[in-house]
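**Q** Before I ask anything, here is the structure I am working with.
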Amino acid sequence: MKLILVGATGLVGSEVLKLALAAPEVAQVVAPVRRRIQPHPKLVAPIVDYDRLPAQEPWWQADAVICALGTTIKTAGSQEAFRKVDFSYPMEVGRLARQHGTPSFVLNSALGADAGSGIFYNRVKGEVEHGLRSLGFPTLVIARPGLIGGAREEFRLGEKIMVPILSLLGPVLPRAWRINPAANIARAMLGAAMHPLPGEHIITSDRMA
Ligand SMILES: NC(=O)c1ccc[n+]([C@@H]2O[C@H](COP(=O)([O-])OP(=O)(O)OC[C@H]3O[C@@H](n4cnc5c(N)ncnc54)[C@H](OP(=O)(O)O)[C@@H]3O)[C@@H](O)[C@H]2O)c1
């Protein structure tokens, strides 16, 4: 199969990339990135500007898209800039891939995603889920992890505090509230892309704990 992976340099995306490159079923991964990444015989990694994605590239035609794009309001600098990365970019990727005939889209969303939420982050996640539904993918898979576990270079205070607490409490917490290791999320998303089922499917956090 041929896979488009956006967000390949992130915590979850890099796990997806590792698994996909190692999977015999995956013949090619196209990972549009904004900085050079380590080459691999199965990897095509065009350097792109997500504000001006190249609409005519033949690589938009694939078997599935996995989207692990995302930022934080702090890193992005404003709610508007956050929304661009977490809503507009996935929508544009979805639009172009669908236009070129790609049948499946697998989104890394978040626990609590809800277009009607009063919490900005949850609302944007809900809006992107909603927006992707409107693009008409025969298969749409939405992974909704809780707090993601894994080694991150960037310092995020909330994660630094919460990851050890939730890890310690893990055994007594309901599965839905436990840490979701990036590798588990990646495995679930890649599995869904490799074995597409028609319609919309939600992967809840308890299945990635
Ligand atoms: N952190 C959590 O606990 C948590 C919980 C639930 C859901 N989520 C969601 O899960 C998803 C993946 O999270 P993650 O922690 O793996 O993310 P991450 O490590 O921050 O990686 C984000 C990816 O998006 C790319 N990206 C960010 N801004 C961009 C821009 N302006 N233009 C192009 N690419 C851009 C990054 O590329 P560069 O490497 O070039 O920056 C990177 O590949 C996100 O949507 C996040 O909201 C996170």
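**Q** Only one of Asn122, Asn184 is polar (S, T, N, Q), under 23 Å from Glu80 (Cα atoms) and at pLDDT 95 or above; which? Spell out the reasoning first.
**A** Values: Asn184 fails: under 23 Å from Glu80 (Cα atoms).
The unique qualifying residue is Asn122.
**Q** Among Ile47, Ile66, which is of a type outside the set (Lys, Arg) and free of Cβ contacts under 8 Å to residues at least 24 places away in the same chain?
**A** Working: Ile66 fails: free of Cβ contacts under 8 Å to residues at least 24 places away in the same chain.
Answer to the selection: Ile47.
**Q** From Leu17, Leu69, Leu11, Leu43, grab the single residue that is hydrophobic (A, V, I, L, M, F, W, C), surrounded by 16 or more Cβ atoms within 10 Å (Cβ to Cβ) and more than 15 Å from the chain's Cα centre (by Cα).
**A** Leu43
**Q** Of all residues in the stretch 165-183, which are more than 9 Å from the ligand (Cβ to nearest atom) and under 16 Å from the mean Cα position of the chain (by Cα)? Reasoning before the result, please.
**A** We begin by selecting, within the stretch 165-183, every residue more than 9 Å from the ligand (Cβ to nearest atom); these are 165-178, 181, 183.
Listed by number, the residues that qualify are Pro181, Ala183.
**Q** Cβ-Cβ under 6 Å, sequence separation 6+ or interchain: first residue in the stretch 1-24 and under 19 Å from Met208 (Cα atoms) and without any contact (Cβ under 8 Å) to a residue 40 or more places away in the chain, partner near the ligand (Cβ under 7 Å from one of its atoms) and outside any helix (DSSP H, G or I). Which pairs?
**A** Filtered contacts from the stretch 1-24: Leu17/Ala8.
**Q** While we're here: Return yes when Gly13 is in contact with a Cys (Cβ under 8 Å, 6 or more places away or on another chain) and either of a type outside the set (D, E, K, R) or within 11 Å of the ligand (Cβ to nearest atom) (or both) and no when it is not. Working first, answer last.
**A** Details: in contact with a Cys (Cβ under 8 Å, 6 or more places away or on another chain): no; either of a type outside the set (D, E, K, R) or within 11 Å of the ligand (Cβ to nearest atom) (or both): yes.
Against the criterion (in contact with a Cys (Cβ under 8 Å, 6 or more places away or on another chain) and either of a type outside the set (D, E, K, R) or within 11 Å of the ligand (Cβ to nearest atom) (or both)), Gly13 does not qualify.
**Q** Okay, moving on. Could you please give the count of residues in the stretch 79-116 that are over 30 Å from Pro58 (Cβ atoms) and of a type in the set (A, V, I, L, M)?
**A** Counting residues in the stretch 79-116 that are over 30 Å from Pro58 (Cβ atoms) and of a type in the set (A, V, I, L, M) gives 5.
**Q** For Ala8, work out the one condition from (1) touching a helix residue (DSSP H, G or I) at 6+ places or on another chain (Cβ under 7 Å); (2) in a helix (DSSP H, G or I); (3) of a type outside the set (Phe, Trp, Tyr); (4) within 8 Å of the ligand (Cβ to nearest atom) it doesn't fulfil.
**A** For Ala8, the failing item is (2).
**Q** Still on this structure, please answer the following. Cβ contacts < 7 Å: first residue more than 14 Å from Leu111 (Cβ to Cβ), restricted to the stretch 169-186; second residue at pLDDT 85 or above and assigned to a helix (DSSP H, G or I), any location; separation 6+ or different chain. Result?
**A** Pairs found: Ala182/Leu11; Ala182/Val12; Ala182/Glu15; Ala183/Glu15; Ala186/Val12; Ala186/Glu15; Ala186/Val16; Ala186/Leu19.
**Q** Met162 versus (1) closer than 24 Å to Glu200 by Cβ; (2) within 10 Å of the ligand (Cβ to nearest atom); (3) without any contact (Cβ under 8 Å) to a residue 40 or more places away in the chain: which is the lone unmet condition?
**A** The single condition Met162 does not satisfy is (1).
The values are calculated or read from the model by the stated rules, or taken from the named source; none is laboratory data. If you're wondering where the values come from, they're calculated on a predicted model, not measured in any experiment. All Cβ positions, glycine included, derive from the backbone under ideal geometry; neighbour counts span all protein chains shown.
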